[in-house]
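The structure under discussion appears below in the form of structure tokens.
The values are calculated or read from the model by the stated rules, or taken from the named source; none is laboratory data. Bear in mind that the values here come from a model prediction, so they are computed numbers and not experimental data. Note that each Cβ is placed from the backbone with ideal geometry, even for glycine, and that neighbours are counted across all protein chains shown. The protein model used for the area step is the full one, side chains on, heavy atoms only, and it has no ligands, DNA or RNA in it. Shrake-Rupley method; radii C 1.70, N 1.55, O 1.52, S 1.80 Å.
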Amino acid sequence: RILLNTVLDSSKENVKGVAVTVQDITREAELNEAKSQFISNVSHELRTPLFNIKSFIETLHEYGDELTETERQEFLETANRETDRLTRLVNDVLDLSRLESCKIYHLEAVDLAQPIEQILRTYRLNAKDKGIELLQEVEADLPAVMGHYDLLLQVFANLVGNALKFTEAGGKVMIRASLHSPETVRVEIADTGIGIDQEDQNAIFERFFRVENRVHTLEGTGLGLSIVRNIVQRHHSRVYLVSEVGVGTTFWLDLPIYQDEIAAIAALKL
Ligand code: ADP
């Protein structure tokens, strides 16, 4: 779409000419559209758990005496779960908006063995409880990559968290880091879980997209992979996946190797 600004010079009796400025407003319009879509999605997503919490509290308030102790406990547990969901949603929306508003991130040398070890420690108990084997394979003498430690940690946490969520007991989740090329290190997160249909494989990176009719759909916010994609782009990279329904899913990303001759800290502008 083009916005035409015409300026007529009518200060003199004879009109001498017409100045025309041409401005492309397509991108601006698209951004505004995306922004209002996002706000409308967020409001919708927030409203559902809020409505549920309010209904449970009202019922307890009005009919509490008529309920059995077990029913009361169930109501309270559900309200508690919905509050947790609301908290996750607000946290994810804040993470995403912080990522989008911060234009510059400082990248530095990151030894991937460290965030990977941290993720394993974080999820070890969760995996054990679910009866899933959580494994790591970090190649020996792997060079450091150019990265942002906390943001990479968030990428691995989201991907490993999803892998554990969508894998049944007896399955495996593996996080692997290895030299991929003279310039890049590849990190893979592979699971033997339920897999993702071909037709949903692109959509899962969209905000608020969740594959429908799945047991764990309501636990998620649908924002985890949007956050992953945004962070990976800030590392000059992309995130890919291969998946087969009933067999498993592997996500991977290639990170640039840190080079000493490059400034110790490089500012990355998007
Ligand atoms: P959520 O908070 O719902 O996990 P994500 O953006 O992280 O949001 O993921 C979007 C959807 O992609 C999930 O709801 C799930 O249906 C699907 N998905 C993501 N990772 C996996 C995986 N490892 N195995 C199967 N499905 C997955």
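Phi angles across region 83-91 convert, under the Karplus curve 6.51 cos²θ - 1.76 cosθ + 1.60 with θ = phi - 60°, into 3J(HN,Hα) values of 5, 4, 5, 4, 4, 4, 4, 4, 4 Hz, Gly and Pro given as x.
Computed with every protein chain present, the accessible area of GLU139 is close to 80 Å² [probe 1.4 Å]. Under a 5 Å amide H cut-off, with hydrogens placed 1.01 Å from N, VAL245 pairs with ILE196 among residues at least 5 apart or on other chains. Setting aside same-chain residues fewer than 8 positions from LYS128, which aspartates and glutamates have a Cα under 17 Å from its Cα? In chain and number order, the partners are GLU117, GLU168, ASP191.
Over region 121-259, with every protein chain in place, what whole percent of the accessible area is carbon and sulfur at 1.4 Å, could you tell me?
49 percent
Using every pair of distinct Cα positions in region 42-136, the Kirkwood expression returns a hydrodynamic radius of 17.3 angstrom.
In the context of the full protein assembly, LYS35 retains an accessible surface of approximately 130 Å², using a probe radius of 1.4 Å and ignoring ligands and nucleic acids. Beta bridges per DSSP, both residues in region 91-241: antiparallel share near 60 percent. Residues in region 193-210 carry Karplus couplings, in order, of x, 6, x, 10, 3, 3, 5, 9, 5, 7, 5, 4, 8, 6, 4, 6, 7, 9 Hz; the curve used is 6.51 cos²θ - 1.76 cosθ + 1.60 with θ = phi - 60°, and Gly or Pro positions show x.
Once backbone amide H atoms are built at 1.01 Å from N, ALA144 has TYR258 as its partners under 5 Å, excluding neighbours fewer than 5 places away on the same chain. Cross-link partners for LYS35 among the aspartates and glutamates, with Cα-Cα distance under 20 Å and sequence neighbours closer than 8 places in the same chain left out: ASP24, GLU45, ASP92, ASP95, GLU100, GLU206.
In region 133-208, one over the average inverse separation of all distinct C-alpha pairs is 14.1 Å, which is the Kirkwood hydrodynamic radius. Neighbours of LEU253 by Cβ distance under 12 Å: Lys/Arg scored +1, Asp/Glu scored -1, total +3. Relative to one another, the C-alpha centroids of region 121-158 and region 220-263 are positioned 13 Å apart. Amide hydrogen proximity for LEU135: with H placed 1.01 Å from N in the peptide plane, the residues at 5 or more positions away or on another chain lying under 5 Å are VAL173, MET174, ILE175. In order along region 122-139, the phi-based Karplus estimate (6.51 cos²θ - 1.76 cosθ + 1.60, θ = phi - 60°) of 3J(HN,Hα) comes to 4, 9, 3, 5, 4, 5, 4, 4, 8, x, 10, 7, 10, 10, 10, 9, 10, 4 Hz; Gly and Pro are listed as x.
Sorting 94-105, 173-184 by their mean Cβ neighbour count within 10 Å, with the most densely packed peptide first, gives 173-184, 94-105.
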